[in-house]
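Worksheet for the structure shown next.
The values are calculated or read from the model by the stated rules, or taken from the named source; none is laboratory data. Source: prediction; values computed, not measured. Every residue, glycine among them, receives a Cβ derived from its backbone with ideal geometry; neighbour counts consider all protein chains shown.
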């Protein structure tokens with residue numbers, strides 16, 4: 001029966017691609033599409049697991065103690081798949097005051113948190129100056145916590161509203177203390193798809209260019225993909241290829257995280273297909289690990305998929321469990337809520353046969369257990385992590401700092417735990 | 001959709017140190033107990049690929065499901081198994097026994113749905129008379145004559161015979177006459193006497209379970225078999241359990257399906273144990289498929305595993321996911337967070353998303369529906385090609 005469906009030429013072609021992946025070679029878009037459409041789930045998972053094992057051979061799975069903070073829910077991008085935003089003037093629109101923000105961050109600090117993931121909406125008046133002040137205030141009060149903030153589309157929104165070059169906005173934010181940039185807002189980096197699901201949001205080329213400039217300004221960022229809505233398999237592959245190309249150019253992405261569209265309760269719910277089942281998530285997540293051979297870290301999305309899937313992904317490509325997220329508002333507004341404690345996360349990681357270790361925003365292991373065992377926290381800050389140290393002229397002072405930081409770093413990292421972008 | 005030609009699996013198996021086991025699997029030879037123990041220590045992907053190979057050799061891309069409902073006629077039980085969150089003592093808060101009319105009402109409540117099977121299991125409540133068991137089966141059949149009654153685990157059958165004061169072999173024809181169609185596989189736990197003494201010493205022994213299943217098969221009824229894994233049992237005890245199932249099957253050929261059951265640790269006396277991980281569950285499916293070479297089907301019971309694990313299990317050796325399950329109680333009292341039922345269309349979609357061809361079956365694996373007519377001829381017994 002199997003032979004009726006598995007024609008021999010296809011079989012041979014898939015085996016050839018599988019061998020290529022196992023050999024550590026890069027696969028083309030056509031090959032990725034064939035894997036996506038024809039390879040079975042266990043084969044994809046196994047191949048992705050092989051890539052993961054090659055890049056992270058020492059059995060460590062990382063996660064970060066962090067929290068989400070959404071300083072405002074006001075947004076004029078009006079994406080139909082988002083249940084979180086409110087339009088300006090809406091009764092439920094808010095901008096958080098400093099006291100409320102400080103209280104939330106103090107909670108994170110008390111738990112030994114390392115990262116504050118801050119994203120808002122595209123608020124027409126809460127612009128870069130407001131954010132610079134916020135980030136500077138936070139850096140002063142909570143020096144141990146990194147501001148991992150502002151997606152590419154928010155940064156682009158500032159540039160447009162303020163009519164200033166993005167480079168200047170980034171410079172100001174970095175001076176204020178911005179430490180890294182999250183990868184949100186990528187959705188699917190194909191214009192046909194964006195015109196349907198997010199017509200007012202930053203277009204593909206601009207999203208990529210913002211990340212390019214972020215990397216050139218000396219910051220690292222992460223990359224994402226939201227799938228399981230109107231995109232085709234070929235468009236998923238195109239998205240991954242666009243990320244891979246930019247990573248070849250800048251090396252600035254620390255990690256990739258994919259998740260499925262959560263259409264329950266969103267404004268345009270009636271226009272969206274039912275939520276993709278977990279097998280679709282696992283398939284795309286495994287494919288992402290295989291295609292993105294130049295992005296070191298791959299995050300499990302337990303927040304959208306639940307802990308069981310999170311655990312499974314540790315053997316289908318992922319080496320990172322994401323954040324503890326003391327608070328999450330965006331996907332939980334869409335009826336999806338899987339926040340878990342540090343203990344549960346560590347139990348899931350151990351249950352899959354790995355050693356759990358806490359990391360910082362730049363995927364340096366900052367876990368006391370690691371440091372006690374003689375491991376080095378590498379990279380320990382944004383300067384040490386930067387892939388473009390000192391390229392832009394007006395950032396020379398950062399470059400100088402980065403040089404001195406790297407000079408004090410030792411090179412005897414724990415095997416397999418050194419952070420190098422290209423394996 | 002497989003890319004795993006046998007040469008590739010052989011290579012995987014070599015790397016995992018189980019090349020000799022793979023060779024035996026390809027040659028359709030029986031794996032030894034020692035082989036079975038090694039499968040627990042080898043790389044999960046290699047073991048999964050090997051089990052998937054066997055699964056595809058037997059069933060191609062087909063994945064079976066049915067439209068069923070559960071009725072747990074009483075939660076009163078005197079067996080006090082430490083892993084159980086469902087049991088109540090007589091008089092305890094929440095204890096219940098359904099009268100035959102109430103059982104019938106449960107069936108009536110699903111009258112508008114295309115249910116083909118009722119799965120009916122419960123606790124051991126010594127006060128229930130023999131007639132009660134006949135009456136609840138009759139009540140179901142009177143309400144919905146076409147429904148298949150899959151009822152009574154081995155311990156329940158032992159209790160029924162005790163209440164009838166006659167050997168089970170004499171009682172079974174009367175249960176069949178009342179409408180019993182087949183027997184479920186639950187309650188086998190782990191056959192080891194050591195584990196039984198520590199966890200469920202008032203329940204039947206492994207030998208009694210197997211003897212009862214033999215009697216069921218000799219009476220012309222099919223049944224399923226299970227193993228409750230992930231608590232205090234050892235790997236060797238799991239393999240011992242699987243081997244004893246396999247030996248009985250050689251004798252009777254009465255088992256249709258093997259279902260590994262995961263221990264769920266909430267609300268019971270073993271709540272301090274972690275329970276199996278999702279990856280352990282996938283391995284258990286795969287080992288079951290590889291060891292039980294004479295049982296046609298391996299089921300990934302989705303309500304216990306969760307949908308994602310069941311989807312993946314269809315590529316780790318399983319060919320069945322159970323059914324729509326209206327109102328599951330036993331696992332939900334032990335902390336299962338899956339929905340208590342799923343719509344038929346959803347089930348079909350997630351089987352398809354897992355890369356398999358959904359086939360609706362009845363309890364005895366006659367094909368009722370498939371979107372692929374060439375793969376599953378409606379009205380015929382499900383193909384098994386091993």
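Considering the range A:260-278, the residues that are crowded, with 19+ Cβ neighbours inside 10 Å and within 14 Å of another protein chain (Cβ to nearest Cβ) include one that is nearest to residue A:186 (Cα to Cα), namely A:260.
Does the range A:257-273 include one or more residues that are in contact with a strand residue (DSSP E or B) (Cβ under 7 Å, 6 or more places away or on another chain) and modelled with pLDDT of 95 or more? Within the range A:257-273, one or more residues are in contact with a strand residue (DSSP E or B) (Cβ under 7 Å, 6 or more places away or on another chain) and modelled with pLDDT of 95 or more. Taking (1) at pLDDT below 95; (2) surrounded by fewer than 23 Cβ atoms within 10 Å (Cβ to Cβ); (3) assigned to a helix (DSSP H, G or I) in turn, residue B:82 satisfies each apart from (3). In the range B:294-307, the residues that are without any contact (Cβ under 8 Å) to a residue 24 or more places away in the chain form Cβ pairs under 6 Å with partners that are part of a loop (DSSP other than H, G, I, E, B), at six or more places apart or across chains, as follows: B:300/B:318. The residues of the range B:274-300 that are away from every other protein chain (no Cβ under 12 Å), surrounded by fewer than 23 Cβ atoms within 10 Å (Cβ to Cβ) and farther than 13 Å from residue B:55 by Cβ amount to a single one, B:294. Taken residue by residue, the range A:41-64 has no member that is assigned to a strand (DSSP E or B), under 30 Å from residue A:86 (Cβ atoms) and touching a helix residue (DSSP H, G or I) at 6+ places or on another chain (Cβ under 9 Å).
Considering the conditions (1) farther than 20 Å from residue B:123 by Cα; (2) within 19 Å of the chain's Cα centre (by Cα); (3) in a loop (DSSP other than H, G, I, E, B), residue B:203 is excluded by exactly one of them, (1).
Mind telling me which of the residues B:23, B:7, B:46, B:13 ends up being part of a helix (DSSP H, G or I), over 23 Å from the mean Cα position of the chain (by Cα) and away from chain A (no Cβ under 14 Å)? So that I can check it myself, show each step before the final result.
Numbers: B:7 fails: away from chain A (no Cβ under 14 Å); B:46 fails: away from chain A (no Cβ under 14 Å); B:13 fails: away from chain A (no Cβ under 14 Å).
Result of the check over B:23, B:7, B:46, B:13: B:23.
Evaluated against (1) modelled with pLDDT of 75 or more; (2) surrounded by fewer than 23 Cβ atoms within 10 Å (Cβ to Cβ); (3) within 12 Å of chain A (Cβ to nearest Cβ); (4) part of a loop (DSSP other than H, G, I, E, B), residue B:345 falls short on exactly one condition, (4). Listed by position, the strands (runs of 3 or more DSSP E) inside the range B:211-328 whose residues that are more than 18 Å from residue B:68 (Cβ to Cβ) and under 16 Å from the mean Cα position of the chain (by Cα) number at least 2 are B:223-229, B:255-262. When A:29, A:80, A:12 are screened for being more than 14 Å from chain B (Cβ to nearest Cβ), at pLDDT below 90 and surrounded by fewer than 21 Cβ atoms within 10 Å (Cβ to Cβ), only A:80 passes.
Please work out if residue A:291 is crowded, with 23+ Cβ neighbours inside 10 Å, farther than 16 Å from residue A:182 by Cα and in contact (Cβ under 8 Å) with a residue 24 or more places away in the chain. So residue A:291 fits the description; yes. For residue B:101, the test of being within 13 Å of another protein chain (Cβ to nearest Cβ) and touching a helix residue (DSSP H, G or I) at 6+ places or on another chain (Cβ under 8 Å) is failed. Note on the range B:55-79: residues that are within 14 Å of another protein chain (Cβ to nearest Cβ) and assigned to a loop (DSSP other than H, G, I, E, B) total 2.
A quick yes/no check of all residues on (1) within 22 Å of residue B:296 (Cα to Cα); (2) modelled with pLDDT of 95 or more; (3) touching a strand residue (DSSP E or B) at 6+ places or on another chain (Cβ under 9 Å):
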site: B:1; (1), (2), (3): yes, no, no
site: B:8; (1), (2), (3): no, no, no
site: B:12; (1), (2), (3): no, no, no
site: B:17; (1), (2), (3): no, yes, no
site: B:21; (1), (2), (3): yes, yes, no
site: B:25; (1), (2), (3): yes, yes, no
site: B:31; (1), (2), (3): yes, yes, no
site: B:43; (1), (2), (3): no, yes, no
site: B:49; (1), (2), (3): yes, yes, no
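In the range B:308-318 there is no residue that is touching a residue at least 24 places away in the same chain (Cβ under 8 Å), farther than 18 Å from residue A:279 by Cα and more than 10 Å from chain A (Cβ to nearest Cβ). Considering the range A:351-373, the residues that are in a helix (DSSP H, G or I) and more than 20 Å from residue A:311 (Cα to Cα) include one that is farthest from the other protein chains (Cβ to nearest Cβ), namely A:371.
Taking the range A:111-132 as the range and being more than 22 Å from residue A:145 (Cβ to Cβ) and out of contact with any strand residue (DSSP E or B) (no Cβ under 6 Å at 6 or more places or on another chain) as the test, the residues that pass are A:122, A:124, A:125, A:127.
Each row is one residue, and each column tells you yes or no for (1) within 13 Å of chain B (Cβ to nearest Cβ); (2) in contact with a strand residue (DSSP E or B) (Cβ under 8 Å, 6 or more places away or on another chain); (3) within 24 Å of residue B:336 (Cα to Cα).
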| site | (1), (2), (3) |
| --- | --- |
| A:281 | yes, yes, yes |
| A:285 | yes, yes, no |
| A:293 | no, no, no |
| A:296 | no, yes, no |
| A:300 | yes, yes, yes |
| A:306 | yes, no, yes |
| A:310 | yes, yes, yes |
| A:314 | yes, yes, yes |
| A:322 | no, yes, no |
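State yes or no: is residue B:28 free of Cβ contacts under 8 Å to residues at least 12 places away in the same chain and either part of a helix (DSSP H, G or I) or over 23 Å from the mean Cα position of the chain (by Cα) (or both)? Answer is no for this residue.
Can you tell which of A:55, A:108 is in contact with a strand residue (DSSP E or B) (Cβ under 8 Å, 6 or more places away or on another chain) and more than 14 Å from chain B (Cβ to nearest Cβ)? First the steps, then the outcome.
On the way: A:55 fails: in contact with a strand residue (DSSP E or B) (Cβ under 8 Å, 6 or more places away or on another chain).
A:108 is the lone residue from the list that is in contact with a strand residue (DSSP E or B) (Cβ under 8 Å, 6 or more places away or on another chain) and more than 14 Å from chain B (Cβ to nearest Cβ).
Looking at residue A:240, is it touching a helix residue (DSSP H, G or I) at 6+ places or on another chain (Cβ under 6 Å), within 14 Å of another protein chain (Cβ to nearest Cβ), touching a residue at least 60 places away in the same chain (Cβ under 8 Å) and surrounded by 24 or more Cβ atoms within 10 Å (Cβ to Cβ)? So residue A:240 does not fit the description; no.
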